[in-house]
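One structure is given below, encoded as structure tokens.
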Amino acid sequence: MLLVIGQILRPHGILGEVVVGVRTDEPSERFVPGSVLVTDPGRRVAPDVPPTLTIETVRPHQNRLLVVFDGIYDRTLAERLRGVLLCVDSESLPVSDDPDEFSDHQLVGLAAVSPRGEQFGEVIRVEHAPASELLVLRRPDGRTALVPFVKAIVPEVDLAGGRVVLTPPEGLFDL
């Protein structure tokens, strides 16, 4: 599964450097010279965007990164990359030692159930809100619901069993 770690926002200057908006908690590990990033095939803006880009240089700039990719050395080539999502394969990521830390891709697809087994839906994505992460559920009736990903509401994540156990407060699914 491909995980989005950034997006090319626009060219910066005339020598092929681009501004990258970061979408990962680990930018210092993901954006390093020599890293090969996959371009999201579903969102390639131009047909000539390569399937992978190799980072040549990277530097911080105003809460974003300025990146030069191998072979992209002028503004015209950099302009073709505008809007491209940068991804890594989830298989290439190390597993966390923290038993209470999960990557988004581990949670997507899990069944959301009560402690008694009542079906609440399926996790379809994770939203990263300022206060906490939110599990986005597809409810059995087709609607979506947001569930704060906090221990009081999600006391158990059972990856092997393919489920998250929820103890939602009264009215959470009534919105």
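The values are calculated or read from the model by the stated rules, or taken from the named source; none is laboratory data. Just so it is clear, the structure is predicted and the values come from calculations on it, not from any experiment. Neighbour counts are summed over all protein chains in view; Cβ atoms, including those assigned to glycine, are modelled from backbone coordinates with ideal geometry.
Within region 145-175, the set of residues being touching a Gly at 6+ places or on another chain (Cβ under 8 Å) and either among the hydroxyl-bearing types (Ser, Thr, Tyr) or buried (at least 17 other Cβ atoms within 10 Å of the Cβ) (or both) comprises ALA145 only.
Residues in region 120-144 that are surrounded by 17 or more Cβ atoms within 10 Å (Cβ to Cβ) and at positive phi: GLY121 alone.
The single condition from (1) within 30 Å of LEU159 (Cβ to Cβ); (2) surrounded by 13 or more Cβ atoms within 10 Å (Cβ to Cβ); (3) modelled with pLDDT of 95 or more; (4) not aromatic (Phe, Trp, Tyr) that GLN106 fails is (3). Could we say that PRO50 is surrounded by 12 or more Cβ atoms within 10 Å (Cβ to Cβ), assigned to a loop (DSSP other than H, G, I, E, B), out of contact with any Asp or Glu (no Cβ under 8 Å at 6 or more places or on another chain) and at pLDDT below 95 here? Yes, satisfied. Does region 102-124 contain at least one residue that is assigned to a loop (DSSP other than H, G, I, E, B), touching a Gly at 6+ places or on another chain (Cβ under 9 Å) and without any contact (Cβ under 8 Å) to a residue 24 or more places away in the chain? No: zero hits. When region 70-92 is filtered for residues that are surrounded by 15 or more Cβ atoms within 10 Å (Cβ to Cβ) and assigned to a strand (DSSP E or B), the ones remaining, listed by number, are LEU85, LEU86, CYS87, VAL88.
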